[in-house]
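See below for the structure under consideration.
The values are calculated or read from the model by the stated rules, or taken from the named source; none is laboratory data. Source: prediction; values computed, not measured. Neighbour counts are summed over all protein chains in view; Cβ atoms, including those assigned to glycine, are modelled from backbone coordinates with ideal geometry. For accessibility, only protein heavy atoms count, side chains too; no ligands or nucleic acids. Shrake-Rupley method; radii C 1.70, N 1.55, O 1.52, S 1.80 Å.
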Amino acid sequence: MKKTALWLIALALPLILTAKDKQVKEEKKAPEQKVVRAVRAEEAVIIDGVLNEKVWQTEPADGFTQNDPNDGAPATEKTHVWVAYDDKALYVAAFCYDSQPKRIIGRLGRRDDQTDSDWFFFAVDPYYDKRTGYLFGVNPAGSILDEVLSNDVNEDTSWDGVWEWKAVVNGEGWIVEMKIPFNQIRFPKKDESVWGVNFMRAIKRKNERAAFSWVPKNETAFVSKFARLEGIRGISPGRHIEFLPYSVGQAQFRPSEQGNPFELGHKYFGNIGFDLKIGLKSNLTLDTSVNPDFGQVEVDPAVVNLSAYETFYEEKRPFFIEGASIFNNFGRGGVYLNADINWPNPNFFYSRRIGRSPQGYVTQDGFVNFPDRSTILGAAKITGKLGGWNVGFVNALTAREYAEVDTFGSRLKEEVEPFTYYGALRAQKDINQGQQGFGFMATGVTRDLQTDSLDGILNKNAFSLAFDGWSFLDKKRNYVVGGWIGGTRIEGSVQDILRLQYSSMHYFQRPDAAHVDVDPAATSLNGWGGRLSFAKQSGNLLFLVQAGALSPGFDPNDSGFQYGGSDLVNLSILPAYQWTKPGKIFQQALVFAGAARNYDFGGNKVYEGWLGSFQGVFRNFWNFNTMFAYNPPTLSNNMTRGGPLALRPWGWQLDLQLATDSRKSIVIEGNSTVYTQPENGREWSARVTVRWKPRPNLSLSLGPQIMRESTNNQWVARVKDELMTETFGTRYIFGHIEQKIISLEFRLNWTFTPKLSLQAYLQPFIGVGTYSRFRELARPKTFDFNIYGEGASIVNFEDGVYAVDPDGEGLAAAFFIGNPDFNMKSLRGTVVLRWEYFPGSLLYFVWTQNRADYAHPGDFQLRRDLGDLLTAPGDNIFLLKVSYRWNM
């Protein structure tokens, strides 16, 4: 480990010294902070896109500066902006002049879909903390987006405020008017307020982006560079209460199954519930949801996962994604550069745990009616500011779930998911206007386990507590150090904690790992983790140095998510150089190179990677990205899934990506990846996405993808055998796999008006895997295998089972392996009609279809498999959901 620390310092020190020498050259004279004055409206302001009110006849704010295509140059078209207010709302008007008004691009899109269009954006920092705020955008067609701003540069589109807007195109350009009620944004109550403010404009045909308060592209900042908004006096956010009841009806149709009383061909459901939003103070908002329903969200894509770790799916449910940025930004405050090179990046709060599929099983034979999700009885969250702290607090209760079993007409119920509480508390405090910051996160999961079957497979209690923070090292915020440290604790039965110790997160049973042991009497498991980052993130020369560790017992997965196991120390360094000024070939470009290493707590080097990347934009506005990586041979502590160390052979990877100009009606994006280990095999994948915009309100995309893999070390099973002394009395069995995946993603976005839209998603998917040449690890710390069927060993295949005798006439016992071949065919699709018939009130009509087929395992024939997929029995679900917003 000392040698590794010296390696890291030796790489980092020249970068730091070089960066210091270049800093003076890179720094430009900071522009003086602009000031905008808000005018009180003495008459009603009509949001009609006509600037005839008196407040719009005052002196406007103007003088925009480009970020693209020529960073620092004056905007090519003038823009005039006014800000006004009354007792209830903030008003913004902009006249976006255009020398060629007929070439103004206005594309209709669903809310928060930043279409390829001209745009005007208004951003405001009501706390004037130079870290947080709100952003509102309108395009010439009337499409809108709104965001919450955090951590100076982070944007969260999940927030949907209730505000008014109007856009009108005329002979001189186009006009925007906005009305933002004060009860939709948070701010402290003062006699006279000073806020941060900025205005941005996009002119799509020129690929031009310009801002009123300009930030050079080689500086990593946004909110902290806003202009001052002065003149607001005597306002109050007021008391804000929104009540949103909903009603939903659902019809499910699937083929009936003879003799199965639960599959009669149809099911009908109805449900009611409500959401309630209350402004507790000027700085806090309470959101509650009773018996929520999220049937309108898009289905998850199909995947083939042959690893030991679960698949991560993005959160799509509105209640949980709104305001989630305060949780997602944990550990990243201040440090805007980020690289997770073979770092599992634990997430302490993963809201998809709430309402997950039941984790239990039935013990009785018969026809089974198994619930597909856990019912969320209620959820509540508090977000906002309290005593100078940014606060987020989420609580949820999920119901006890039962599977119903029918055995020859006799019915019984078995519990498959316990009554469960989920909670997460996040708080963060900015110090010295964000120059430093400190925060913490605490999570808890408590299950009411009342059956032996669940008590043996589920943790009773799980808690985590972690702290994060950062400090900029200079006034210009070029250099920053930040990170986090925290711990987890899990409590459960002896059987459950034993299961946990053997799981892929921990593998305490590894026979050659002296630093971990299985405790068969344990009823709890504790662990700790942390990461420290040091970065230079402004200027042309950049770098990022990171060091992180996760102890063997660290496990956030009850309330959070971590892909990959713990028991690691991660070290990485990435220097980079960026060009932000247009040249003869490139509009802008970035090159970086670096290295990373992982060790386990026993001192074994379990990963090493060296990589370089070149990415940027050509002068014709085509985007490109290339990356090459080299991995020297290292040990692996998870290849044998709880067994001894094995050797991971050397390999290399090449990534290529190219995308055409997004201004065109047809946009093509392609990417390809190849990863090769000469001693093991190769994986290759390619994807092409074609997006067609035939009309300003219609967009279609088609994305075929293909993947092929041929490797020798695909995990199959383990078999106890005391005669296999080389690998500690167990045979660790692998197979050669030939895997092919073909899929297609189709999307349609048809926006009739800014408040009425139709979206469709369809994914046919075929994944086929063929196993052969089964083998066992011959000895630890090698990539040597004993191949079954060679030498004295014998392998036979009959009736879907492989019979293996590892030494023929020898003393070793024969064993059996089930055929692991697969042929997974899936068709998933969703069609959603969304109508905002009144501000904040929504009607959804949803059609969801799922089809699946598993015939012909291991045998790939595209025409036949497509035919099987299209004729496979499927589920059709029709849903109608109506909600109404009462603003009290």
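The condition (being on the phi > 0 side of the Ramachandran plot and surrounded by fewer than 14 Cβ atoms within 10 Å (Cβ to Cβ)) is satisfied by just one residue among 818, 808: 808. Residues of segment 584-607 that are over 20 Å from residue 513 (Cα atoms) and open to solvent by less than 30 Å² (accessible area, probe 1.4 Å): 587, 589, 594, 595, 596. If only residues of segment 793-804 that are assigned to a loop (DSSP other than H, G, I, E, B) and open to solvent by 20 Å² or more (accessible area, probe 1.4 Å) are counted, the one that is farthest from residue 164 (Cα to Cα) is 799.
Being open to solvent by less than 50 Å² (accessible area, probe 1.4 Å) and assigned to a helix (DSSP H, G or I) is the requirement here; does residue 198 meet it?
No.
Return yes when residue 496 is without any contact (Cβ under 8 Å) to a residue 12 or more places away in the chain and not in a strand (DSSP E or B) and no when it is not. Taking the combined requirement at face value, the residue does not satisfy it.
When the criteria are applied in full, residue 177 meets the requirement of being open to solvent by less than 10 Å² (accessible area, probe 1.4 Å) and touching a Leu at 6+ places or on another chain (Cβ under 8 Å). Do you know which of the residues in segment 223-276 that are assigned to a loop (DSSP other than H, G, I, E, B) and surrounded by 18 or more Cβ atoms within 10 Å (Cβ to Cβ) is nearest to the chain's Cα centre (by Cα)? Out of the qualifying residues, it is 226. Whether any residue in segment 372-389 is among the small types (Gly, Ala, Ser), within 27 Å of residue 332 (Cα to Cα) and over 25 Å from the mean Cα position of the chain (by Cα) is what I want to check. Yes, segment 372-389 contains a residue that is among the small types (Gly, Ala, Ser), within 27 Å of residue 332 (Cα to Cα) and over 25 Å from the mean Cα position of the chain (by Cα).
The lone criterion from (1) open to solvent by 20 Å² or more (accessible area, probe 1.4 Å); (2) farther than 21 Å from residue 203 by Cβ left unmet by residue 172 is number (2). For segment 446-462, residues that are surrounded by fewer than 19 Cβ atoms within 10 Å (Cβ to Cβ), of a type outside the set (Val, Ile, Thr) and touching a residue at least 12 places away in the same chain (Cβ under 8 Å) total 6. For segment 392-408, filtered to residues that are surrounded by 19 or more Cβ atoms within 10 Å (Cβ to Cβ) and aliphatic (A, V, I, L, M), the residue that is nearest to residue 259 (Cα to Cα) is 405. Note on segment 323-371: residues that are of a type in the set (S, T, N, Q) and open to solvent by less than 30 Å² (accessible area, probe 1.4 Å) total 3.
Could you tell me whether segment 753-769 includes any residue that is out of contact with any strand residue (DSSP E or B) (no Cβ under 7 Å at 6 or more places or on another chain) and either at pLDDT below 95 or crowded, with 17+ Cβ neighbours inside 10 Å (or both)?
yes
Within the span defined as segment 521-533, one or more residues are buried (at least 16 other Cβ atoms within 10 Å of the Cβ) and polar (S, T, N, Q). Residues that are over 24 Å from the mean Cα position of the chain (by Cα) and either surrounded by fewer than 18 Cβ atoms within 10 Å (Cβ to Cβ) or not in a strand (DSSP E or B) (or both) within segment 409-424 comprise 409, 410, 411, 412, 413, 418, 419, listed in sequence order. Of the residues examined, residue 621 is not one that is open to solvent by 20 Å² or more (accessible area, probe 1.4 Å), outside any loop (DSSP other than H, G, I, E, B) and of a type outside the set (A, V, I, L, M). Selection over segment 860-888 of residues that are closer than 30 Å to residue 242 by Cα, of a type outside the set (A, V, I, L, M, F, W, C) and open to solvent by 70 Å² or more (accessible area, probe 1.4 Å) gives a count of 2.
Among the criteria (1) among the charged types (D, E, K, R); (2) in contact with a Gly (Cβ under 7 Å, 6 or more places away or on another chain); (3) touching a residue at least 60 places away in the same chain (Cβ under 8 Å), the one residue 720 does not fulfil is (3).
The condition of being open to solvent by less than 40 Å² (accessible area, probe 1.4 Å), part of a loop (DSSP other than H, G, I, E, B) and either under 20 Å from residue 770 (Cα atoms) or at pLDDT 95 or above (or both) does not hold for residue 857. Evaluation of residue 807 against the conditions (1) modelled with pLDDT of 95 or more; (2) of a type outside the set (Val, Ile, Thr); (3) outside any strand (DSSP E or B) shows that the sole unmet condition is (1).
Taking the criterion of being more than 21 Å from residue 228 (Cα to Cα) and within 35 Å of the chain's Cα centre (by Cα), would at least one residue in segment 122-135 satisfy it? No - not one qualifying residue is present in segment 122-135. Within segment 827-854, the set of residues being crowded, with 17+ Cβ neighbours inside 10 Å, of a type in the set (Ser, Thr, Tyr) and over 30 Å from residue 163 (Cα atoms) comprises 848 only. Counting only residues that are closer than 26 Å to residue 187 by Cβ and of a type outside the set (Val, Ile, Thr), segment 65-106 holds 12 of them. Is segment 495-511 home to any residue that is at pLDDT 95 or above and within 28 Å of residue 538 (Cβ to Cβ)? No, segment 495-511 contains no residue that is at pLDDT 95 or above and within 28 Å of residue 538 (Cβ to Cβ).
Is one or more of the residues making up segment 697-707 within 27 Å of residue 668 (Cβ to Cβ) and not in a strand (DSSP E or B)? Talk me through it step by step, then tell me what you get.
Filtering segment 697-707 down to residues within 27 Å of residue 668 (Cβ to Cβ) leaves 697-707.
Add one more test, that the residue is not in a strand (DSSP E or B), and what stays is 697.
Checked against the condition, which is being within 27 Å of residue 668 (Cβ to Cβ) and not in a strand (DSSP E or B), segment 697-707 yields at least one hit.
Pull up segment 842-876, narrow it to residues that are polar (S, T, N, Q) and free of Cβ contacts under 8 Å to residues at least 60 places away in the same chain, then point me to the one that is nearest to residue 249 (Cα to Cα). Ranking the candidates gives 849 first. Tell me, please, whether a residue that is under 25 Å from residue 379 (Cβ atoms), of a type in the set (Gly, Ala, Ser), over 27 Å from the mean Cα position of the chain (by Cα) and surrounded by 17 or more Cβ atoms within 10 Å (Cβ to Cβ) can be found in segment 483-495. Within segment 483-495, one or more residues are under 25 Å from residue 379 (Cβ atoms), of a type in the set (Gly, Ala, Ser), over 27 Å from the mean Cα position of the chain (by Cα) and surrounded by 17 or more Cβ atoms within 10 Å (Cβ to Cβ). Restricted to segment 425-473, and to residues that are at pLDDT 95 or above, in a strand (DSSP E or B) and among the basic types (Lys, Arg), which residue is farthest from residue 350 (Cα to Cα)? Only one residue tops the list, namely 447.
On inspection, residue 160 qualifies as under 33 Å from the mean Cα position of the chain (by Cα), charged (D, E, K, R), within 19 Å of residue 47 (Cβ to Cβ) and open to solvent by 10 Å² or more (accessible area, probe 1.4 Å).
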